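The values are calculated or read from the model by the stated rules, or taken from the named source; none is laboratory data. Just so it is clear, the structure is predicted and the values come from calculations on it, not from any experiment. Cβ placement follows ideal geometry from the backbone for every residue including glycine, while neighbour counts extend to all protein chains displayed. Please note that ligands, DNA and RNA were not included when accessible areas were found on the heavy atoms of the full protein model with its side chains. Shrake-Rupley method; radii C 1.70, N 1.55, O 1.52, S 1.80 Å.
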Amino acid sequence: MFESIIAYFESINPVLAALYATLFTWFLTALGASFVFFFKNMNRVVLDGMLGFTGGVMIAASFWSLLAPAIEMSHGEGFVKVIPAAVGFALGALFIFGLDKLLPHLHINFKETEGVKSPWQRTTLLVLAITLHNIPEGLAVGVLFGGVAAGIPEASIAGAVTLAIGIGIQNFPEGIAVSMPLRRMGMSRWKSFMYGQSSALVEPIAGVLGAVAVIFFIPILPYALAFAAGAMIFVVVEEVIPETQQDKNTDIATLGLIGGFIVMMTLDVALG
């Protein structure tokens, strides 16, 4: 089945492929958000375990799918070879850092508001927080497809599709993590679902923009891959991991992170 999927993606335009792949990652977010139609509450232990899993997938994807290829395709030896990855990684982290300080948003625990002061409702601020998380994920998938279109040997359709699968898997609990707190606040099931799924709508946009940018500016590919990795690691360390430490489920969250890392590493090595 995986071979058939790869064959299909190889037969279409890479930018269109990036759009389809990121629509898939959005769909799994929506699938997670749809749990509000069946449950009003989610056990905090389960939620922390799933968020830990999300962090593990993002960390593994940052190295195996983004940083390693970025270093491999860079020219030169020694310190020179790693410069594009180091610069891109730093810029990606600083990009999310800047958005984190400027964009008003609310953490899942509804206790910590960040960014500039805003009169927006707490539900809007929560969706903006998860949307902030999803920008580097869509960008990462799009950049890989853009590398394929540019003819970069280190970029492959299989690797891009594998990354999309991994991102999609970890988007599932993210959809739950947005919609369930909203439902618990008394919002209707339908509105909770709509807010939950809308947080990932930025992924297809970022995916297409990433693919197009790399196609027109081929030399930026190693920087772009590392940029997405730096952005994802910043999100994990600044948002995902601290969120899992709010209650007394740190061991569950840590095991979830290890499990997510193993799953993404296995997918990337076996399929990518």
If a residue has to be more than 19 Å from residue 207 (Cα to Cα) and open to solvent by less than 40 Å² (accessible area, probe 1.4 Å) to count, how many in region 235-256 make the cut? 8
Give me the residue from region 41-97 that is under 17 Å from the mean Cα position of the chain (by Cα) and of a type in the set (Val, Ile, Thr) and, out of that set, farthest from residue 270 (Cα to Cα). 96
Go through region 235-264 and give me each residue that's touching a residue at least 60 places away in the same chain (Cβ under 8 Å) and not in a helix (DSSP H, G or I). 246, 247, 249
Being modelled with pLDDT of 85 or more and open to solvent by 50 Å² or more (accessible area, probe 1.4 Å) is the filter here; which residues of region 91-104 pass it? 91, 94, 95, 97
Sole miss for residue 198 among (1) at pLDDT 85 or above; (2) under 17 Å from the mean Cα position of the chain (by Cα); (3) small (Gly, Ala, Ser) is condition (1)
